[in-house]
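Worksheet: one structure, shown below.
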Amino acid sequence: MMKGTILVVDDEPAIVEVIKVRLEAQQYEVFSAHNGVEGLEKLKKINPDLIILDLNMPKMGGIEFYQRICDSNSKLKYPVLVLTARANMEQLFREFNVNGFLHKPFKGEQLLDEVRTILREEDRKRIFRTPREITIVENDTDELSKISSLFTANNYKVMAVGDGATAIEKISNDLPDLALIQLGLSDIAGDLVILRLGQLSKTKHIPCVLYVRNNYKHDKTVIENFGSKLGVHVIKEYDNPQDLLTVVNKFFQEIEQKELKRRGLV
């Protein structure tokens, strides 16, 4: 099992190869780009757990690339480890709040230590972060409003979507902590939406809850089998939005408990 996905943006083939060999030997999935332009293209297809970024590159250097991967509030969308040989540039990026620095030339163990440290911290933030971000996909406008309002009132950050096609696009762009998807969508069935999300590199790790109303005509065995194969949390039937909230709350509580046990805190 891969430990994480890493994008290396550096124009020196020898350095990229060293990084790639070291990280792949530790079960990381590694992609590479030779400049910022190529790096942005790669980000359209993958959702890296970490970007290793060189500063001096042709076409688009590290500073411009950094600016392009920040949101409207100038906050990085991805963890970044900067490669630098210049102390003054390190100070600049410290002000930008990147996750770490590695001075060229560096040793393989230094690289692994930095990567492990950053990914452990990011994992901790992801597991315990609040508010949780969820995407709710429901084609009944009134029902979508009820479900969204309930989750918002319970400290979730909600993105509400009314159809499957839009959901795939939105989830790919926003990468929520969880997707709550109705089975009987009007354009694309909810199970097919989840299947498509599982095929995309950017979204295959996003947990999905597939739900149906208590009066929906469906084959329970088919839904159960589908859910078990893809690791989907399946609600066979629900009577009201509170049922959905209960399942989602339980899902996140289980994640947090597992992490606390792993750390020996419970």
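The values are calculated or read from the model by the stated rules, or taken from the named source; none is laboratory data. For clarity, every value in this text was computed on a predicted model and none was experimentally measured. Here the Cβ is made from the backbone with ideal geometry for all residues, glycine too, and neighbour counts use every protein chain on show.
Residues in the range 38-62 that are small (Gly, Ala, Ser) and at pLDDT 90 or above: Gly39 alone. Scanning the range 187-212 for residues that are in a strand (DSSP E or B), buried (at least 21 other Cβ atoms within 10 Å of the Cβ) and not hydroxyl-bearing (Ser, Thr, Tyr) turns up Cys208, Val209, Leu210.
Could you please give the count of residues in the range 153-185 that are part of a loop (DSSP other than H, G, I, E, B) and either modelled with pLDDT of 90 or more or among the acidic types (Asp, Glu) (or both)? Give the derivation first.
Within the range 153-185, the subset part of a loop (DSSP other than H, G, I, E, B) is 154-155, 162-163, 175-177, 183-185.
After this cut, where a residue has to be either modelled with pLDDT of 90 or more or among the acidic types (Asp, Glu) (or both) as well, the list is 154-155, 162-163, 176-177, 185.
Going through the range 153-185 one residue at a time, the tally reaches 7.
Give Leu23, Leu40, Leu55 a once-over and let me know the one that is touching a residue at least 24 places away in the same chain (Cβ under 8 Å) and closer than 26 Å to Ile171 by Cβ.
Answer to the check: Leu40.
Considering each residue of the range 107-119 in turn, at least one proves to be surrounded by 13 or more Cβ atoms within 10 Å (Cβ to Cβ), touching a residue at least 24 places away in the same chain (Cβ under 8 Å), under 17 Å from Ile51 (Cβ atoms) and within 16 Å of the chain's Cα centre (by Cα).
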